[in-house]
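Heads up: the structure comes next, in structure tokens.
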Amino acid sequence: AKLAFTDLGLSYGDQRGLIAPQTMEEYYEYAYGLGARVHSDSWGGLSTAYTRSAREVDEYHFYHPEFLALIAAGNDGEFLSSEGVESTVSTPATCKNALAVGATLSMGYIDPPEDPVTNFEIMEPVEYKKRPFQLVSSLFTPVFEFKANETVDLVMTEFPRVCEELSAKDRDAVKGKVVLVERGDCFFIEKVQKLKDAGSIGTIIYNNEESGSGFFKMASSEGGFFIDMPASSVPMSTGRLLAEAIKSSNSSVAKIRFVSRSDESLPAFESIAEYSSFGPTMDGRVKPDVVAPGEEIKSATSVDSDNQCATDRISGTSMATPLVAGITAIVRQYLVGGYYPLGERGMTKPTDTPPSGALIKGVIINGAAELKGFAQSGLPLEPAPSFRQGWGRVELDTSLPMPGSGRALKFADWKNLQSTGDEHVYCLTTPQTNLSSISVTLNWMDAPGALSGGGYLVNDLDLDIDVPEGSADVSWGASVHPDRKNNVEKAVILEPAGGEQYAIKVKAHQIQWPMGNGRGQLYALVVFGPEGIELNEGCEKLGSVIEEDLVVEDDEMVQVFDNQEGSSAMEASIAGNEE
């Protein structure tokens, strides 16, 4: 392995600051010219805006597709509850294309919070079956739980905030059921008491805004007040999921099942570090992208008086970032060293095409594990992707398959959508047996945004997955779909059907800034799942075969696809010589 090192240096006489690069292009070009394609940046500014530096990071990635920078998100997470503070991720981590890294705790175990947290899953409608979600019980009601494996009905009222008197129709609809309610306009106890009087058996209140906080505590506006009916809170994203399940049912009734209570201690790395900065960015994007342990990490420190190098245990996102950079280098080595697709060296046919930065970033995010722990408030973390944990904790085991793991990695790289409306279709075929969940991630390096607009997507691609008839829909986690803000889209097939085909579609919703030289917007598609999955272009079973010739100039694609035979999407996306 070879390393290129850049010393920013202390700012003039100020031992607390660094001399920021004059331009990010000049800064990155030094290492790029020496052959580095992964760049670790444990520094940042004070602004949470999409600054000139953030824009330059995006521009460099856009025009250098092999490159990937990793940038520390910042250490201002303790301001989460401060009035008027909506985001603390700092520039240049506010960019779109680099991988912004937050921090988890590292050592020991964390006890469960005092406020009871219970786990449920959706049972009906079938499109949402087995979707898990968590609830935080209120402080003025019993714990929100039912008998083990008991299924209850979930409904909504005509006016979801339940601050007005219920209509006769709503009173009849909520009787004997749990009611999904929107936060706002009146006190929690008013909403809960009104529904109890109407015969409801429970209330789930979802947040009316998206923020870094996610979950919230529900206390009574009157001291000592207690209502003998369970009530609980969930983030806006969970409320959106439950509302969609209710509305998609023919009877406007979803069914949910109590699974368990979260009462076990968890490893510290399952919980976010208090100092880890949170999003969203000014234009609403998810940041950080991923998190990794950053607490008490053994790190290089200043040279002592005897001119000897030393180490110290330091905490911060600046410690988590090089950890992720090391994992990123392993991902790249896996791809260029011939370890694809099952982890045994020499399995890959060498080519002269290196993996793109979009592919490596996609592999990292696709394998990220959703945190199971808590925030410093003691509340659970909002499901991924969220403004605290991004897409989750970096996990090499679910990013790259190893021999005997029973898992497989498939991808398509250096793919080009030329203009708005263009679409590529891939066929994902599942094995008959030994099934497990399948994660699918689309990633692209977007064109630089306008400084006045906070970044915003310039070239917007969409990921869609058609499922076999009778199968549950894919899960998009906490994200809105279609996503008009982020240049990463991830879906999970929680319980894939055996021996079936899923049609994966990548479409250019809008391309405003083509790369030029015959390129519109490049992207990478990553699939990780059970051994035996196949990814091919075109999907005959679920629709017409897509016929197209993909030609990229400058020899950066090594094969032209003719999809009538469903040729493998993988054959043109493996890199060459080991480094």
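When Rg and the Kirkwood Rh are both derived from Cα coordinates, the Rg/Rh ratio for segment 157-209 amounts to 0.91.
Leaving ligands, DNA and RNA out of it, report the carbon-plus-sulfur percent of the accessible area of the chain at a 1.4 Å probe. Solvent-exposed carbon and sulfur of the chain make up 48 percent of the total. Kirkwood Rh over alpha-carbon pairs of segment 281-401, then Stokes-Einstein at 20 °C and 1.002 mPa s: what D in µm² s⁻¹, rounded to an integer? Once the numbers are plugged in, D ends up at 129 µm²/s. Computed packing ranks the peptides 98-108, 139-149, 119-129, 216-226 as 98-108, 119-129, 139-149, 216-226, most packed first, by mean other Cβ atoms within 10 Å. Rolling a 1.4 Å probe across the protein heavy atoms gives segment 1-61 an accessible surface of 65 Å² per residue. Hydrodynamic analysis of segment 236-279 uses the Kirkwood radius over alpha carbon pairs. Inserted into Stokes-Einstein at 37 °C and 0.692 mPa s, it gives a translational diffusion coefficient of 233 µm²/s.
Cys residues of the chain that find no other Cys beta carbon under 4.7 Å: CYS95, CYS309. Calculate, in whole percent, how much of the Cα-Cα pair population of segment 1-127 lies beyond 20 Å. Within segment 1-127, distances greater than 20 Å cover 58 percent of Cα pairs. For segment 378-408 versus segment 139-162, the inter-centroid distance based on Cα atoms is 29 Å.
Taking every DSSP bridge with both residues inside the chain, close to 75 percent are antiparallel. For the residue pairs LYS177/LYS217; LYS415/LYS507; LYS129/LYS196; LYS129/LYS410; LYS96/LYS485, the alpha carbons lie more than 20 Å apart in LYS177/LYS217; LYS129/LYS196; LYS129/LYS410. Near the amide H of ILE205, within less than 5 Å, lie the amide hydrogens of VAL181, SER232, SER233, VAL234, all on another chain or at least 5 residues away, with H placed in the peptide plane.
Peptides 281-288, 530-537 ordered by packing proxy, namely the average of other Cβ atoms within 10 Å per residue, highest first: 281-288, 530-537. Packing around the peptides 497-504, 333-340, taken as the average count of other Cβ atoms within 10 Å per residue, puts them in this order, highest first: 333-340, 497-504.
Under the rule a/c < 1.5 gives rounded, and otherwise a/b versus b/c splits prolate from oblate, where does segment 344-497 land using the Cα gyration tensor? Note, shape of segment 344-497 comes out rounded.
Would segment 249-320 count as rounded, prolate or oblate if I go by the C-alpha gyration tensor, calling it rounded below 1.5 in a/c and otherwise prolate when a/b exceeds b/c, oblate otherwise? Judged from the Cα gyration tensor, segment 249-320 comes out oblate (a/c at least 1.5, b/c at or above a/b). Computed from backbone phi with θ = phi - 60° and the Karplus coefficients 6.51, -1.76 and 1.60, the 3J(HN,Hα) list for segment 178-189 is 7, 10, 8, 10, 8, 5, x, 6, 8, 5, 4, 5 Hz; x is used for glycine and proline. For segment 188-251 and segment 98-114, what is the centre-to-centre distance using only Cα atoms, to the nearest Å? One Cα centre to the other: 27 Å. Based solely on its DSSP helices, what 222 nm [θ] is calculated for the chain when runs of n ≥ 4 H residues each add -39,500 (n - 2.57) and the sum is averaged over all residues, nearest 500 deg cm²/dmol? Helix contribution divided over all residues of the chain: -4500 deg cm²/dmol. When the residues SER276, SER302 are ordered by accessible surface, computed with a 1.4 Å probe over the protein chains alone, the sequence from largest down reads SER302, SER276. The label-point distance for GLU469 and ASN208, in a model that sets each label 7 Å from Cα toward Cβ, rounds to 4.4 nm. Checking the a/c ratio against 1.5 first, then a/b against b/c, what shape does the Cα gyration tensor give for the chain? Note, shape of the chain comes out oblate.
For GLU531, the residues whose amide H sits under 5 Å from its own are ARG407, ALA408, ignoring neighbours fewer than 5 places away on the same chain, with H placed 1.01 Å from N.
Taking the DSSP beta bridges with both ends in segment 41-192, the antiparallel portion is around 40 percent.
The values are calculated or read from the model by the stated rules, or taken from the named source; none is laboratory data. None of these values were measured; they are calculated from a predicted model. Counting neighbours? That spans all protein chains shown, and the Cβs are built from the backbone with ideal geometry, glycine included. The protein model used for the area step is the full one, side chains on, heavy atoms only, and it has no ligands, DNA or RNA in it. Shrake-Rupley method; radii C 1.70, N 1.55, O 1.52, S 1.80 Å.
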